[in-house]
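A.B. asks: The structure is given below, and queries will be raised subsequently.
Here, each number is a calculation from the coordinates, and none is a lab measurement. Quick caveat, the model's predicted, so the values are computed rather than measured. Counting neighbours? That spans all protein chains shown, and the Cβs are built from the backbone with ideal geometry, glycine included.
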Amino acid sequence: MAGVEEFRYFGCQLNQSEEPLCKVCLEPTANCICPECPQCGDRGKARCYKEHPLKLNALQLINRTEAKIFKMGEDLDLERQYLQHLNEQTESYCEDWSEI
Ligand SMILES: [Zn+2]
Ligand SMILES: [Zn+2]
């Protein structure tokens with residue numbers, strides 16, 4: 001069963017990188033969970049939460065937080081890989097500041 005989970009996990013990531021994400025709930029726009037704005041009828045528009053009386057609901061906040069944690073995890077992995085790479089260098093190692 002673990003294999004199935006894994007496949008689904010990767011499929012999900014693939015979708016996320018291919019489809020444009022909703023700016024508000026951070027889901028692929030096709031799966032957007034944002035409610036309609038009572039004022040303009042639009043969904044997933046950041047301005048509705050600033051200029052119109054729409055408020056973020058719990059589900060949107062959960063999604064946003066999950067997306068943020070996922071992104072931070074990716075960044076963390078990258079930094080760890082980089083650290084490992086640096087620790088594996090046997091000769092003195094320099095890199096331009098602009099590449100960091
Ligand atoms: Zn949305
Ligand atoms: Zn609106």
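A.B. asks: Of the peptides 64-73, 24-33, how do they stack up when ordered by the mean number of other Cβ atoms within 10 Å, highest first?
C.D. replies: 24-33, 64-73
A.B. asks: Extension gain residue 84-residue 59, at 0.36 nm per residue separation less the Cα-Cα distance, in nm?
C.D. replies: 5.3 nm
A.B. asks: What order do you get for 38-49, 79-90 when each peptide is scored by the mean count of other beta carbon atoms within 10 Å, highest first?
C.D. replies: 38-49, 79-90
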